[in-house]
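Reviewing the structure listed below.
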Amino acid sequence: MTGLFGGAFDPPHNGHVALADTAIRHFDLERLLVLVVVDPGHRDVELDFETRLRLAHLAFDGLERTEVLREDHRFTVDALRERTVEDAIFLVGADEFAGFLGWKDPDGVLARARMGVATRPGYRRSELETVLESLERPDRVDFFEIRAVPVSATEIRARASLGESLEGFVPERVAGEIGRLGLYR
């Protein structure tokens, strides 16, 4: 099975790494493709693509069976139409899945790949039931639990803009590169 984990990664943080690491073990993934989206259709980004790609390499390079790649498609369903991967599972966090019905063609996503949704201890699954009930193939959604990592990219960018420490929020090598380049200032 191949895991697909896409996003803006502006910046990649410890929550992303925890999700990827747990998914590799939970689903016994043969490989995990971390897809850094050039121009995300769902959010603005602060950093240019090349810098986000470099940070993603620094964040995920230590994970076995993991490859960081460029993703030119703005929307997941379009990427899955072109990137034919047998036995694929697309990985997201529960917060992202809560907004899944607002994605471009969510049923088309599930027609092309299963979805692995990472929840953390204490997350109420009832918040996701409405999404499941609205899908043609809710059986294609698998939930798995990750350790709680209280971090958000918005908070990291704010801390970096103030010159505050990023320790515990992003991998050490990512923090070093953000500091070295003065990113988000």
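The values are calculated or read from the model by the stated rules, or taken from the named source; none is laboratory data. On a predicted model such as this, the values are computed, not experimentally measured, just so you know. We place every Cβ from the backbone using ideal geometry, glycine too, and count neighbours over all the protein chains shown.
Here is how the numbers come out for the structure above:
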quantity	calculated
Number of positions in the stretch 15-45 that are modelled with pLDDT of 95 or more and in a loop (DSSP other than H, G, I, E, B)	5
Qualifying positions in the stretch 135-155 - more than 17 Å from Leu53 (Cβ to Cβ), out of contact with any helix residue (DSSP H, G or I) (no Cβ under 6 Å at 6 or more places or on another chain) and surrounded by 17 or more Cβ atoms within 10 Å (Cβ to Cβ)	Leu135, Val141
Qualifying residue in the stretch 46-59 (condition: within 28 Å of Gly179 (Cα to Cα), more than 14 Å from the chain's Cα centre (by Cα) and hydroxyl-bearing (Ser, Thr, Tyr))	yes
Test for Ile89: is it touching a residue at least 60 places away in the same chain (Cβ under 8 Å), within 14 Å of the chain's Cα centre (by Cα) and farther than 30 Å from Ser161 by Cα	yes
Of all residues making up the stretch 164-175, the number that are in contact (Cβ under 8 Å) with a residue 12 or more places away in the chain, assigned to a helix (DSSP H, G or I) and not hydrophobic (A, V, I, L, M, F, W, C)	1
Residue check for Thr22: of a type in the set (S, T, N, Q), farther than 22 Å from Gly179 by Cα and surrounded by fewer than 18 Cβ atoms within 10 Å (Cβ to Cβ)	yes
Count - residues of the stretch 60-75 that are modelled with pLDDT under 95 and not in a loop (DSSP other than H, G, I, E, B)	0
Whichever residue in the stretch 44-63 is of a type in the set (A, V, I, L, M), surrounded by 17 or more Cβ atoms within 10 Å (Cβ to Cβ) and in contact with a strand residue (DSSP E or B) (Cβ under 8 Å, 6 or more places away or on another chain) and, among such residues, is farthest from Glu172 (Cα to Cα)	Leu53
Residue match in the stretch 87-110 (condition: within 22 Å of Glu177 (Cα to Cα) and surrounded by fewer than 18 Cβ atoms within 10 Å (Cβ to Cβ))	no
Among (1) β-branched (Val, Ile, Thr); (2) under 30 Å from Leu53 (Cα atoms); (3) surrounded by fewer than 17 Cβ atoms within 10 Å (Cβ to Cβ) - the single one Thr130 does not satisfy	(2)
